[in-house]
Amino acid sequence: MIFSIQLWCRMKKVCIVGASGKLGRYMVRHALDRGYGVHAVCRERSAAKLDEFKGRITLFPGHTCDREVIKNAVEGCDGVLAVLVPWGVNRYASGTAQAILDYARPAARLVFSCGWHITRDGQDVYSRTFLSALKIVGWIMRFVRFAEIDDQVRACHRIFASNTRWTVVRGSDLEEGESQGLPVWSKHVGDPILASNLTRRVDFALFMVEALENDDLIQQAPAIVGCKTRSALAFNMDT
Ligand SMILES: NC(=O)c1ccc[n+]([C@@H]2O[C@H](COP(=O)([O-])OP(=O)(O)OC[C@H]3O[C@@H](n4cnc5c(N)ncnc54)[C@H](OP(=O)(O)O)[C@@H]3O)[C@@H](O)[C@H]2O)c1
């Protein structure tokens, strides 16, 4: 009894913001497997998507950009894993990021997800086709009020400028499938190791959860790719 109380007291807690999405649910699974206590934030209407974890997580229903919801959810947490999405035109991503930056414990590890299109230092190399497609798709999505890619960019720049213990994990194209292991990463899009541009979603989540305990990733924006992809394997043979 005393042992289990001590164990409970030492158990680290993480808050998963956007827990009901595909990436979010994989993160919940990985976090529980590693023995973390989990606070989960998701929209009220999506709470049922987390039924499989009932009794093992604490749910904080609400929009992820609701500052009061985030304030309550991150309280007492040693880490925050956040899915940054650009949906809607109400500054969803930047509101979510700002609330986490404002309310998480100063020593907490903050790990955010986004895509390769985010650049921290302008040293990433993108094809012209990619940049044009991003511009056009971004404009159309905003025009139909579906999503605001610029706001995801804004959110990440706020994170980069903060002096918290953040990591921004930049994902490639994603696919479903069984885990292949921890993705490999590089500092800049365009680096040869990333050329395959594909990661299993379950492994994107694994990278996010492992980043909680990896201090080398503090204030880094790793771009990831599956460890079994052609470019990752070719790079490992060369080195
Ligand atoms: N998909 C890709 O190919 C890709 C590639 C690179 C990086 N990423 C990054 O991976 C992360 C998530 O990807 P995913 O594929 O796992 O996404 P997902 O399953 O679609 O989940 C996205 C999240 O967005 C929420 N959401 C959906 N519609 C919303 C709306 N209208 N308003 C507010 N919230 C809404 C979902 O909550 P509900 O459960 O409540 O709907 C969920 O938490 C993001 O950070 C994304 O930038 C994705």
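Going 7 Å from the Cα of Thr58 toward and past its Cβ, which residues in segment 14-28 have a backbone nitrogen under 18 Å from where you end up? So the set is 14-20, 28. Once the Kirkwood radius over Cα pairs is known for the chain, the Stokes-Einstein relation at 37 °C and 0.692 mPa s delivers a diffusion coefficient of 180 µm²/s. Considering only Ser196, Leu217, Gln152, and ranking their Cα positions along the charge dipole of the chain that arises from unit charges at the beta-carbon of Lys, Arg, Asp and Glu, the one farthest toward the positive end is Gln152.
Taken along its principal axes, the alpha carbon cloud of segment 134-213 reaches lengths of 39, 33, 23 Å, longest axis first.
With the charge dipole of the chain set up from +1 on Lys and Arg Cβ and -1 on Asp and Glu Cβ about the Cα centre, the Cα lying farthest toward the positive end among the listed residues Gly37, Ile16, Phe143 is that of Phe143. Pairs over the 21 Å Cα-Cα cut-off, from the set Lys12/Lys71; Lys22/Lys49; Lys22/Lys71; Lys13/Lys71; Lys49/Lys71; Lys49/Lys228: Lys22/Lys71; Lys49/Lys71; Lys49/Lys228. Its relative contact order, with pairs defined as Cα atoms under 8 Å and 6+ residues apart, puts the chain at 18 percent.
Here, each number is a calculation from the coordinates, and none is a lab measurement. This is a predicted model, so every value here is computed, not measured. Because the Cβ atoms are built from the backbone with ideal geometry, glycine has one as well, and the counts that use them run over all protein chains shown.
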